[in-house]
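A short write-up of the structure that comes next.
The values are calculated or read from the model by the stated rules, or taken from the named source; none is laboratory data. Here the structure is a predicted model, which means the values were calculated and not measured. We place every Cβ from the backbone using ideal geometry, glycine too, and count neighbours over all the protein chains shown. All accessible areas refer to the heavy atoms of the entire protein, side chains included, with ligands and DNA or RNA removed. Shrake-Rupley method; radii C 1.70, N 1.55, O 1.52, S 1.80 Å.
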Amino acid sequence: MYINRLGHIEKQSDTTPIMRLPPLRLATAAFISRKSAVPHSSRSLFSTTAFALNMKSNAATQAEGTVIVGGGIAGLAVATALRNVAGVSNVKVLEASTKAEFKNKDAGAAAQLGPNGLRALKFISSDDDGVVQKVLDMGGILEGNVMMMPGGQTMAIPDTTQVDTGMPQVLVRWGRLRSILADQLPEDIVITDAGEDIAGYQLSDGDDNSHVSMIDASGHPIADLSSTPLIIGADGVRSTFRALVRNDATHLTTDSNDASGEDVKYGGRINIKAVVNKSLGEEYKSGHTHAAFAPDGSVAVFAGPAGHDATYWAISVADSVNEGDSVTFIDGLPTGVEGKMALKEKLLAKLNSLDSDPYITTVIDLINETSAEKIFCQKSEEAKELGAHPLHSADGRVVLAGDAAHAMSASYGQAANFALEDAATLAACIRDGDDLDGALKDYSKKRLDRCIEMQARSAERAAKAMKGEQVEDVSKWIFQWEIA
């Protein structure tokens with residue numbers, strides 16, 4: 001059975017047909033500067049010439065005043081890219097969390113970045129190699145994966161990513177990656193405690209039809225939110241704006257939580273994870289992730305390096321069945337701080353109920369060392385297949401990025417990478433666009449096929465992993481990505 005480095009397994013009721021791609025030429029280490037670890041892009045050249053000469057594209061000029069909904073990796077990456085790549089200086093990010101929560105570098109668990117994500121991060125950054133090097137320095141470079149077999153046997157699988165591409169895979173704390181992106185932006189760009197009540201948009205009063213205002217579920221304009229030429233939906237798996245785009249609508253007439261969940265698939269597992277300031281131990285292979293499974297596949301246990309003396313752990317628990325009804329691991333738990341403590345206790349009890357094993361005992365120790373409030377819990381959810389629907393609204397007012405565009409199974413650990421790819425591609429399209437509408441169409445065209453393929457490949461890998469079946473590894477195709 002397979003587990004990806006982020007410790008996720010998603011149960012699928014069916015297997016999505018796979019669109020086979022022609023073989024792609026793998027980028028060689030010779031193409032990549034050993035000093036920078038990431039190839040130089042044309043972005044910095046444009047910044048020092050075209051920007052200096054005030055040669056901003058029409059699309060970038062029209063995009064001034066863009067509002068991004070969602071201050072996670074995708075939203076901050078898009079804001080950074082619009083400013084640094086496209087020269088769009090007037091950008092706002094609406095983030096639902098409080099200022100203290102947004103500033104918390106320990107928020108979330110971990111993100112896995114590979115060559116494609118690092119390449120995109122370099123492209124959108126203001127200081128070229130510096131940001132990428134910060135990520136590499138603060139994260140854990142992945143050298144392989146160790147499968148912990150019954151009876152104490154192990155099977156080590158080397159990670160050849162760095163040899164193949166000249167760039168590694170790295171596991172980094174999610175909150176610290178978000179902080180790195182936030183540091184690329186002026187502080188007043190991110191508005192916290194904002195955006196959660198948005199249910200749609202309407203043409204702004206007294207305008208020339210070039211701007212829209214955001215509205216709540218009742219259809220009333222939301223105070224303190226200025227009109228905007230473009231809304232970028234980076235609001236996660238249960239995205240309000242994906243619901244609008246896919247339904248060719250401008251307003252959700254039902255509860256936004258219900259409407260935004262209509263095209264979300266649940267994979268039948270609960271994923272519980274955190275990063276703890278404790279090393280995995282000298283008895284475990286340095287630089288490697290480690291994974292074990294309960295014999296019936298009901299529990300998957302994962303741990304790996306997330307920086308100096310820090311370990312990322314993740315437990316994936318399958319739903320159970322009670323009198324014919326599916327019951328999740330978190331059903332019946334309270335909310336808030338009390339709920340976090342109850343979750344930790346229930347998780348420890350679950351692991352202690354498994355057959356005694358030194359690795360499981362090590363992970364139990366990691367969980368005991370983790371503060372309950374730092375434990376992150378989420379359902380294994382993904383967006384339904386993209387199909388041929390574009391990533392922007394028909395009226396050109398909304399475009400999607402990150403999980404809002406293409407939430408997928410975590411079997412390849414590509415969520416953060418594809419969010420960074422989205423940001424780089426969207427900014428480049430706006431930078432080079434004759435008009436904003438055309439730039440959005442260009443972005444959708446460039447991203448759609450790759451995102452459809454990645455969704456399908458991820459679903460296939462997750463489905464076969466649950467059956468203990470092998471699947472073609474498309475990591476080389478994933479890492480091949482270059483900014484178009």
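Just one of (1) in contact with a strand residue (DSSP E or B) (Cβ under 8 Å, 6 or more places away or on another chain); (2) open to solvent by 20 Å² or more (accessible area, probe 1.4 Å); (3) under 16 Å from residue 272 (Cβ atoms) trips up residue 353, so point out which. With (1) in contact with a strand residue (DSSP E or B) (Cβ under 8 Å, 6 or more places away or on another chain); (2) open to solvent by 20 Å² or more (accessible area, probe 1.4 Å); (3) under 16 Å from residue 272 (Cβ atoms) applied to residue 353, the lone miss is (1). Exactly one residue among 321, 301 is in a strand (DSSP E or B), more than 20 Å from the chain's Cα centre (by Cα) and surrounded by 16 or more Cβ atoms within 10 Å (Cβ to Cβ), and that residue is 301.
The numbered conditions (1) polar (S, T, N, Q); (2) touching a strand residue (DSSP E or B) at 6+ places or on another chain (Cβ under 7 Å); (3) closer than 23 Å to residue 151 by Cα are all true for residue 370 except (3). Within the range 292-305, the set of residues being on the phi < 0 side of the Ramachandran plot and either touching a residue at least 40 places away in the same chain (Cβ under 8 Å) or touching a Cys at 6+ places or on another chain (Cβ under 8 Å) (or both) comprises 292, 293, 294, 295, 299, 300, 301, 302, 303, 304, 305. Counting only helices (runs of 4 or more DSSP H) that sit wholly inside the range 415-484, those with at least 2 residues that are within 30 Å of residue 318 (Cβ to Cβ) and basic (Lys, Arg) are 436-466.
Among the residues of the range 46-63, are any under 18 Å from the mean Cα position of the chain (by Cα), at pLDDT 95 or above, open to solvent by less than 10 Å² (accessible area, probe 1.4 Å) and not polar (S, T, N, Q)? No, there is no match, as no residue in the range 46-63 is under 18 Å from the mean Cα position of the chain (by Cα), at pLDDT 95 or above, open to solvent by less than 10 Å² (accessible area, probe 1.4 Å) and not polar (S, T, N, Q). Can you work out which of the residues in the range 175-200 that are outside any loop (DSSP other than H, G, I, E, B) and open to solvent by 20 Å² or more (accessible area, probe 1.4 Å) is modelled with the lowest pLDDT? Among those residues, the one meeting the criterion is 187.
All conditions in (1) crowded, with 22+ Cβ neighbours inside 10 Å; (2) of a type outside the set (Asp, Glu); (3) out of contact with any Leu (no Cβ under 6 Å at 6 or more places or on another chain) hold for residue 167, with the sole exception of (3). Going by what's in this entry, would residue 172 be described as open to solvent by less than 40 Å² (accessible area, probe 1.4 Å) and closer than 23 Å to residue 399 by Cβ? No.
In this structure, residue 315 does not qualify as touching a residue at least 60 places away in the same chain (Cβ under 8 Å) and more than 26 Å from the chain's Cα centre (by Cα). When the residues of the range 99-134 are narrowed to those that are surrounded by fewer than 19 Cβ atoms within 10 Å (Cβ to Cβ) and of a type in the set (A, V, I, L, M, F, W, C), which ends up modelled with the highest pLDDT? Within the range 99-134, the match that is modelled with the highest pLDDT is 100.
The set of residues in the range 135-154 being more than 16 Å from residue 80 (Cβ to Cβ), of a type in the set (A, V, I, L, M) and open to solvent by less than 30 Å² (accessible area, probe 1.4 Å) consists of 136, 142, 146, 147.
The single condition among (1) open to solvent by 20 Å² or more (accessible area, probe 1.4 Å); (2) in contact (Cβ under 8 Å) with a residue 60 or more places away in the chain; (3) of a type in the set (Ser, Thr, Tyr) that residue 289 does not meet is (1).
The numbered conditions (1) among the charged types (D, E, K, R); (2) in contact (Cβ under 8 Å) with a residue 12 or more places away in the chain; (3) loosely packed, with under 12 Cβ neighbours inside 10 Å are all true for residue 265 except (3).
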